[in-house]
Amino acid sequence: MAGLLEGKKGIIFGALNDMSIAWKVAERAHEEGATFVLTNAPVAMRMGAIQELAKKTGSEIVPADATVNEDLENLFIKSQEILGGKVDFVLHSIGMSPNVRKGKGYTDLNHEWYKKTLDISGMSLHRTLQAAKKLDAINDWGSVVALTYIAAQRIFPDYGDMADAKSVLESIARSFGYHYGKDSKVRINTISQSPVMTTAGQGVGGFDAFLNFSEQMSPLGNAGSLDCANYCLAMFSDLTKYVTMQNLFHDGGFSKTGVTAEVMEKFMSE
């Protein structure tokens, strides 16, 4: 659908490089007529290539640490100045665990790092929404989408404390979704995506093997980053204006599949 987001304005968090889902969302949103501000933490911006994406999409960049309330308020103020008014959509694509990065198992967490995981990967959604609501920065019937993972409901041992953070994230989407919906008709949802080879995904132990397992457990196969971006665009559009407080699985059927013939064959006696 050409022009699906024509005239809409937004903020996209978390585009680090062209492996990022947020990067694909920005490219597709630009193609569908949206204008937006790109943002990431200053340290992440030094590691990534966000300037390249900004040039490609004609976007401006406003750095913001999503764990700092003042940064987020400044982000919404500056974004409205740049875009000429309130925003219509926000993508929250933020996740980082010091424990996972440093190989700490779930039963041996560094609890100071654990707090950082919960703040960066979960509580940052609440901070973002609180700043937006305080400043009345999102238009009525606007849409906020946060990326999550099914580890919030099921155990994936190597996902570590990120699973707890995603549980927090999904709960915030439901709770804030109620209040924001009642007050301003803003809808808030999470999307649980298939595993994809992103910079964050590479930090999870045994990721290659799990990617293959997920492919064989999903009737449609793993959903790719571009397909996830298209789903995000559908959630930003007016086509989904009555969908809110949902955790939406975009995973090729993985979340509803008990077992597949391909997986069973690996355990059958010769």
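Give me the base-10 log of I(q)/I(0) for the stretch 9-251 at each q in 0.08 Å⁻¹, Debye formula, one uniform scatterer per Cα, rounded to two decimals.
Each listed q maps to, in turn, -0.27.
For the pairs Lys24/Lys133; Lys115/Lys166; Lys8/Lys166; Lys78/Lys166, note any where the Cα-Cα span goes beyond 18 Å.
Lys24/Lys133; Lys8/Lys166; Lys78/Lys166
Mind jotting down the three principal axis lengths of the stretch 167-255 based on Cα atoms? Whole angstrom, largest first.
45, 26, 21
For the chain, which longest stretch is free of loop sites, where a loop site is one of the chymotrypsin sites (Phe, Trp or Tyr not before Pro) that DSSP puts outside H, G, I, E and B and that has at most 13 other Cβ atoms within 10 Å?
Details: sites that count: Tyr242, Phe267.
Result, exposed sites excluded: 1-241.
Using a 10 angstrom cutoff on alpha carbons, build the Gaussian network for the chain and name the most mobile of Pro157, Pro63, Pro195.
Per the Cα network of the chain with a 10 Å cutoff, Pro157 tops the list.
Can you compute the radius of gyration and Dmax for the stretch 24-155, using only the Cα atoms, both in Å?
Reported Rg and Dmax, both Å: 15.9, 49.
On a full-extension model of 0.36 nm per residue, what is the gain between Glu265 and Glu70, subtracting their alpha-carbon distance, rounded to one decimal in nm?
64.8 nm
Classify the stretch 1-82: rounded, prolate or oblate, from the alpha-carbon gyration tensor (a ≥ b ≥ c, eigenvalue square roots; a/c under 1.5 rounded; otherwise prolate if a/b is larger than b/c)?
Oblate.
To one decimal place, what orientation-averaged projected area in nm² is obtained for the convex hull of the Cα set of the stretch 75-116?
Numbers: hull surface 17.7 nm².
If I average the Cα hull's projected area over directions, I get 4.4 nm².
Please report, to two decimal places, log10 I(q)/I(0) for the stretch 72-142 at q = 0.19, 0.29 Å⁻¹ as given by the Debye formula with identical point scatterers on the Cα atoms and no solvent.
One equal scatterer on each Cα of the stretch 72-142 leads to -0.76, -1.27.
Where a number appears in this text, it was derived from the coordinates with a stated rule and is not lab data. Keep in mind that what you see is a predicted model, and the values were worked out from it rather than measured. Cβ atoms come from the backbone with ideal geometry, glycine included; neighbour counts cover every protein chain shown.
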